[in-house]
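Below: one structure, written as structure tokens.
The values are calculated or read from the model by the stated rules, or taken from the named source; none is laboratory data. Everything numeric in this text was worked out from a predicted model, so none of it was measured. Every residue, glycine among them, receives a Cβ derived from its backbone with ideal geometry; neighbour counts consider all protein chains shown. SASA here: full protein model, heavy atoms, side chains in, ligands and nucleic acids out. Shrake-Rupley method; radii C 1.70, N 1.55, O 1.52, S 1.80 Å.
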Amino acid sequence: SSNMRDSNPGTIRLCPGGVGRNIAENLSRLGASVRMISAVGRDQFGEMILKACKDAGIDVSEIEVIPDARSSAYLVLTDADSDMLAAISDMHIIKNLGRDFILRHRSALNDADAIVLDPNLSPEALECLTSEWAEKPLFADPISTAYARTLRQFLPRLHMIKCNRQEAEVFAEMEIQCEGELETAADRILQTGTECVVITCGTDGVFYKDRQNHVFRKRHKPLKGVSATGAGDAFTGAMVYGWLMEMPPSDALELAMRAAEITLMDPLTVSPKINTLTAQNNS
């Protein structure tokens, strides 16, 4: 039992995170060539983030070190059952990632085959990215319903949106209460101009639809995972990888579901075992 206004014994674990960073690491471990464009502070967290990225094979040459800023951090207090009691998010450094910042990285963005956007970015930064690089395949995962509201106006410019049911409800402006409504919601999202939509349904698998009218409903085999943290990021990373490798949507979905399953079974946010999914292709 924990007391909110008292000191409580427990275990403190530090691990590099950030949805954008986790997706980048998954992509890199799958075998894609990945550059991360971001900013860290000149502090221990910043060093740890850079080292973790380098160790995973991510090109960090486009990550700026901002001397007087704190690296972003997210602190979660959980109870004995790993359920969240409270969380504190310090993302002030993102204020540095405005339009000027993005335009400084123009050549790296021009070189990219695909661009994955983190919805933490300011509307100004998202506007710049989605207008200047509108002809590039842009991928996004809203992470929360709050960010889904931010991303909503940019849907027409995105190639793929991957969202859960609650986020899909924000995008489609409707409630999803039954199986049939998944497709109705996906259709509404596609009508904005997005090329394809993936709606993840937690333990109940995924729903996929694109403008070429490929429709898939895939279910998981029952899973008892170790940690759900990062499973969605592995899924997104594998979907982007599947697109880069020109896989048929059904194969990309299978790969993404396997990536999520491997991550569920691993206490780490990004499983080093993710490379086993593509090891046979790369050898």
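For this structure, a couple of remarks:
- Pairs exceeding 20 Å between alpha-carbon atoms, taken from Lys162/Lys224; Lys224/Lys273; Lys51/Lys224: Lys162/Lys224; Lys51/Lys224.
- Around Ala108: net Lys/Arg minus Asp/Glu count, Cβ-Cβ under 13 Å: -2
- Relative contact order of the range 145-220: 28 percent, from C-alpha pairs under 8 Å at least 6 residues apart in sequence.
- Surface per residue (accessible, 1.4 Å probe) for the chain, Å²: 53 Å²
- Overall form of the range 1-143 per C-alpha gyration tensor (a/c, 1.5; a/b vs b/c): prolate
- Cα centroid separation, the range 76-107 to the range 144-197: 23 Å.
- Apolar share of the accessible surface for the chain: 50 percent from carbon plus sulfur atoms, 1.4 Å probe.
- Calculated FRET value between Ser144 and Ile12, using beta carbons and R₀ = 30 Å, to 0.05: 0.75
- The length gained by stretching the chain between Glu246 and Leu103 to full extension, at 0.36 nm per residue less their Cα-Cα distance, is 48.6 nm.
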